[in-house]
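Working notes, structure below.
The values are calculated or read from the model by the stated rules, or taken from the named source; none is laboratory data. None of these values were measured; they are calculated from a predicted model. Every residue, glycine among them, receives a Cβ derived from its backbone with ideal geometry; neighbour counts consider all protein chains shown.
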Amino acid sequence: MSDNLRNPHSFENLVQTKWKRPQHLSQPKIWFKYNGTVVRDVTPDFDPFVMDFMQTHFLRDEPINQSLRTALDPLSVADMRKLWSQVMLPRRVSIVAVQEGTFGANLDEVDNERPPKIVGVNLLFVSMRGDRPLPINEIFKSDKAKRCVGTFVLMRGMVDVYEKYQVDLCIDGGGMCVSPEWRGKGIGQMLVTARNNLCKEMGIPLTKTVFSATQSQKVAVKGGFELLAERFYADLTEENGKPLLPNMHPDQKKMQLMAQRIK
């Protein structure tokens with residue numbers, strides 16, 4: 001008997017599995033190419049490299065994770081890697097930006113002897129009307145991971161996008177990150193463009209994301225996203241009045257729920 005069947009509270013049994021990648025797109029694809037950068041599907045061979053990239057850069061630099069010092073807590077890191085590997089990546093809608101001419105740029109397979117040169121990642125997953133909410137307290141062991149993911153989940157729930165846009169499914173963002181040496185070079189915009197191309201071809205009418213960083217919020221506005229709701233970090237407190245997210249970088253003021261109808 002598999003571990004999933006033994007444990008009804010495993011990640012795989014706690015997330016919706018109705019949506020499947022369309023059969024005509026069963027093979028990996030390049031979604032955007034520009035100025036020496038290729039944005040392509042994250043395939044299983046890319047998974048460990050993508051997770052290492054997100055652990056190194058996203059957990060360290062994304063404002064909420066940075067505030068909570070998630071990257072320094074092994075239990076939190078393990079929880080986040082489990083979320084990525086068992087919930088997000090298996091949906092096969094996440095995308096990765098790599099340098100043209102490097103391993104994986106032509107959809108060739110990568111491994112430890114042929115590692116990819118990743119310059120950016122956008123973890124994505126499909127959300128559907130009627131999905132069960134992720135039972136955070138049941139599946140995460142770390143208090144920091146619970147607080148981090150819980151903050152994003154609460155923000156996502158501020159607006160019912162299914163009613164607002166009259167759709168039954170959408171692509172949701174699970175984390176966008178650009179390699180430090182490539183920041184300021186338009187990689188985030190390329191990832192947004194590639195995401196839109198993916199949505200169009202897969203017939204997904206809407207994309208939404210909680211953007212937690214000032215930089216990504218600017219990218220989203222430039223890419224055509226509209227603001228649905230926002231919360232200032234200073235207003236997020238625990239029941240005892242203490243900041244929910246202590247040590248927030250002063251340049252990071254708020255998180256924003258944004259969406260874009262795919263045309």
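Structure notes:
- Residue match in region 117-125 (condition: over 23 Å from Ser216 (Cβ atoms) and out of contact with any Pro (no Cβ under 7 Å at 6 or more places or on another chain)): no
- Hits in region 192-248 (condition: assigned to a strand (DSSP E or B) and over 17 Å from Ile171 (Cα atoms)): Ala229, Glu230, Arg231, Phe232, Thr237, Pro243
- Flag if Arg156 is more than 24 Å from Pro116 (Cβ to Cβ) and either of a type in the set (Phe, Trp, Tyr) or in contact (Cβ under 8 Å) with a residue 12 or more places away in the chain (or both): yes
- Scan of region 85-98 for residues that are crowded, with 22+ Cβ neighbours inside 10 Å, out of contact with any Phe, Trp or Tyr (no Cβ under 7 Å at 6 or more places or on another chain) and touching a residue at least 60 places away in the same chain (Cβ under 8 Å), ordered by number: Ser94, Ala97, Val98
- Among (1) of a type outside the set (S, T, N, Q); (2) closer than 28 Å to Ala234 by Cα; (3) modelled with pLDDT of 95 or more - the single one Ile95 does not satisfy: (2)
- Tally of residues being touching a strand residue (DSSP E or B) at 6+ places or on another chain (Cβ under 8 Å), not in a helix (DSSP H, G or I) and not hydrophobic (A, V, I, L, M, F, W, C) across region 136-174: 4
- Region 38-70 - residue that is surrounded by fewer than 20 Cβ atoms within 10 Å (Cβ to Cβ) and in contact with an Asp or Glu (Cβ under 9 Å, 6 or more places away or on another chain) and, of those, nearest to Thr193 (Cα to Cα): Thr43
- Of the strands (runs of 3 or more DSSP E) lying entirely inside region 27-131, those carrying at least 3 residues that are of a type in the set (A, V, I, L, M) are 95-99, 118-128.
Here's the yes/no breakdown for (1) hydroxyl-bearing (Ser, Thr, Tyr); (2) touching a Gly at 6+ places or on another chain (Cβ under 9 Å):
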residue: Asp52; (1), (2): no, no
residue: Thr56; (1), (2): yes, no
residue: Asp61; (1), (2): no, no
residue: Gln66; (1), (2): no, no
residue: Leu75; (1), (2): no, no
residue: Ala78; (1), (2): no, no
residue: Leu83; (1), (2): no, yes
residue: Met88; (1), (2): no, yes
residue: Val93; (1), (2): no, no
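- Residues in region 175-191 that are aliphatic (A, V, I, L, M) and part of a helix (DSSP H, G or I): Ile187, Met190, Leu191.
- Extreme residue, farthest from Met202 (Cα to Cα), among residues of region 47-71 that are in contact with a helix residue (DSSP H, G or I) (Cβ under 9 Å, 6 or more places away or on another chain) and among the hydrophobic types (A, V, I, L, M, F, W, C): Leu68
- The set of residues in region 218-263 being touching a residue at least 12 places away in the same chain (Cβ under 8 Å) and polar (S, T, N, Q) consists of Asn247, Gln252, Gln256, Gln260.
- Taking (1) surrounded by fewer than 22 Cβ atoms within 10 Å (Cβ to Cβ); (2) more than 18 Å from Met54 (Cβ to Cβ) in turn, Thr151 satisfies each apart from (2).
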